[in-house]
1. Calculate the radius of gyration of the Cα atoms of the chain to one decimal place, then report Dmax, the largest Cα-Cα distance, as a whole number, both in Å.
2. Using only DSSP helix segments of four residues or longer, with each worth -39500 (n - 2.57), what per-residue ellipticity at 222 nm results for the chain after dividing by its residue count and rounding to 500?
3. Distance in nm between label sites at Ala405 and Met307, each 7 Å beyond Cα in the beta-carbon direction?
4. Give the Cα extents of the range 1-101 along the principal axes, in whole Å, largest first.
5. Putting +1 on Lys and Arg Cβ atoms and -1 on Asp and Glu Cβ atoms, find which of Gly408, Gly369, Leu441 reaches farthest to the positive end of the dipole of the range 360-441.
6. How large is ³J(HN,Hα) for each residue in the range 58-66, as worked out from phi by the Karplus curve 6.51 cos²θ - 1.76 cosθ + 1.60 (θ = phi - 60°), to whole Hz, x for Gly and Pro?
7. Treating each Cα of the range 375-454 as an identical point scatterer and ignoring solvent, apply the Debye formula and state log10 I(q)/I(0) at q = 0.19, 0.20 Å⁻¹.
8. Taking amide H positions as placed 1.01 Å from N in the peptide plane, with prolines and chain starts having none, which residues 5 or more places from Trp89, or on another chain, fall under 5 Å of its amide H?
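What follows is calculated from the coordinates using simple rules that are stated; it is not laboratory data. Computed from a predicted model, the values in this text were never measured in an experiment. For neighbour counting, all protein chains shown are included, and Cβ atoms are generated from backbone atoms with ideal geometry for every residue, glycine included.
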Amino acid sequence: MIPDDRHRPKYHFLPPANWINDPNGLIQWQGTYHLFYQHNPEAAQWGMMHWGHAASPDLVNWEHLPIAMSPTPGEADQTGVWSGCAVNWDGVPALVYTARNGEHESVCLATSQDGLRTWQKYPGNPVISAPPESIETLGFRDPYVWHADNHWWMVLGSGANGVGGVILLYTSPNLTDWEYLGPLASGDLNQTEPYATGEMWECPNFFRLGEKHVLIISAMDIHPPRSLYTLYFVGDFRDNRFIPDRFAKLDGGDLACYAPQSFLDEQGRRVLFGWAREMRRPEVFEAAGWAGVLTLPRLLDLDPNGMLNIRPAPEVEILRGEETTWEDLLVQPGGLSMGRLTLDQLSGDCLEIDATFALREQETDGTFGLLVRCSPDGEEMTEIRYDKEAQMLVVSTLRSSLDSAVIGDHYELPLNLNGQNHLRLRVFLDRSIIEVYANTLAVITARVYPKREDSLGIALFTERHPIRVERLRMWKMAN
Ligand code: DQQ
């Protein structure tokens, strides 16, 4: 691994080396949080999948533990231990996972008798050996299991060839014998508004939140251009069917927050982690010796408008170090270079920034926001802005790096601030990962790899109208 790689995040979770993708098996067991993850321990590239493992008292400080599961030659998972979840099986910790054997996918179990350290695969594996015959399925994977009404329930990610994504619903009296109940929900390949929903749905999460049910899926297009992004649906669960009444993107960063998994912790909080993949060319991250990072833990609640409320878990504040605060700053307009307010002490690449902008109802046009990771001459910069007319939160990494091996992009997510008089942006910079939370109503995760070592500056900017920043707080974040 490249020593002291200045793009390797310092306070987000990632394995000691090599490849990570989906978070798996999230559970809090007797007070301790456990995080498993898709891991290739051999290289910084996707490959033969294992389950990596880490434990934490607080969702923030993680201790790396030995690999929990590896493929077993000659068994159902001989070519990969793919994604799945963790449950409390009558007092025994159990993992429910996707077993890969060539292209074939089935559902398997493993249990631990020593407090989640070592795992034994269930002798009766696989517990579901093949998809239902009634659907011509594309994929059959990523079991997500919960216990309710004296039964076990499972949703699985799939797609119906030529139709769109499908989530399959199963039930079991005992976790080992499963009955297929039909599709819980389906997508439509012809749908385009507000978003297309893809050909196949991976990594479903299905849970009750307040009075509603939420389905989170990772939408995948198998055919080029192979887009990947995460959607959530809010609706009702009736007669074994989910009837959504609204849906939106879970994170505007698309690939940078894929395959998320959520779980209910012992405080009853719905906690979610996503996988942020690299946006450098493969030969570059393979040479770096590490690839992928998880987002910060996020808490999900239902907003009064029926959409998800997403915010970083308060435990993240443990990481806050030296603080600098500015009150009542007035930024004058003039575009990205002219209308900038650069603050001397405001610079760095491992920071939390919390900025509250005052909104004026009569001004419905113009944009404003923050520039981060700026070189002194503005040659490199990452833009975080709110576009008032389009009512869009935007993160642009198109000018983040002069390095041609870096893939820049423009991310946007609808954010309607009508009737609100503030925009609060909480921005987490951690070297190559950036997370932007806007009024807890929109989140964009992005990856940046500035080439210049002096691309550490931060500035406020506005176009068209002056903007008042009521308060700007910044913390240096600990490792
Ligand atoms: N990653 C896993 C699959 C899942 C996909 C394989 C999503 O189980 O569908 O590494 O990123």
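1. 22.3, 68
2. -500 deg cm²/dmol
3. 3.8
4. 43, 35, 17 Å, listed from the longest principal axis down.
5. The residue sitting most towards the positive pole is Leu441.
6. Each residue's phi maps through the Karplus curve to give 9, 6, 10, 8, 10, 9, 6, 10, x Hz.
7. For the range 375-454, the Cα-only Debye profile gives -0.81, -0.87.
8. Ala94
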